[in-house]
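What follows is a short report on a single structure.
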Amino acid sequence: MDSIGIFSIASRQAEHLSVRQSAIASNIANANVASYKAADTVSFAETLANAANTLAATDGKHFGAQGTSTEFQVYGTERSVSLEDELVKSGEVRSAMELNTGIVTSFHRMLLMTVKA
């Protein structure tokens, strides 16, 4: 996989984590509303697996052209909001974002070293 693909995947994961953090923040903000049900996103691994199994339409004239979706799916659950669970998920998002940033920084540094050499 080339470095451009790695940066693209890292960018998509950062978008996914942003959407997930927004859903978590919404859950926390509405925790005291009795009728509110928790929301979450489909995992990034599932999203990536589904994207890998579909062909991208680069032209509207392609047979069965649907294009690629840039939206991450947020779904509602049947359970009420638990602040403890939401805080754990928020910590997971933070850790994943730090890992993502570290990987991008490392690959960027390696890319600069190869260009300078």
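Search region 71-96 for residues that are part of a loop (DSSP other than H, G, I, E, B) and pair each with any residue that is surrounded by 14 or more Cβ atoms within 10 Å (Cβ to Cβ) and polar (S, T, N, Q) when their beta-carbon atoms are under 6 Å apart and the residues are at least 6 apart or on different chains.
F72/T41; V81/N27
Any idea which residue in region 31-50 is farthest from G102 (Cα to Cα), counting only those that are at pLDDT 90 or above and surrounded by 16 or more Cβ atoms within 10 Å (Cβ to Cβ)?
Within region 31-50, the match that is farthest from G102 (Cα to Cα) is A38.
Give just the number: which of (1) hydroxyl-bearing (S, T, Y); (2) at pLDDT 90 or above; (3) surrounded by fewer than 11 Cβ atoms within 10 Å (Cβ to Cβ) does S26 not satisfy?
(3)
The values are calculated or read from the model by the stated rules, or taken from the named source; none is laboratory data. Just so it is clear, the model here is predicted, and its values are computed rather than measured. Glycine gets a Cβ as well: all are built from the backbone with ideal geometry, and neighbour counts include every protein chain shown.
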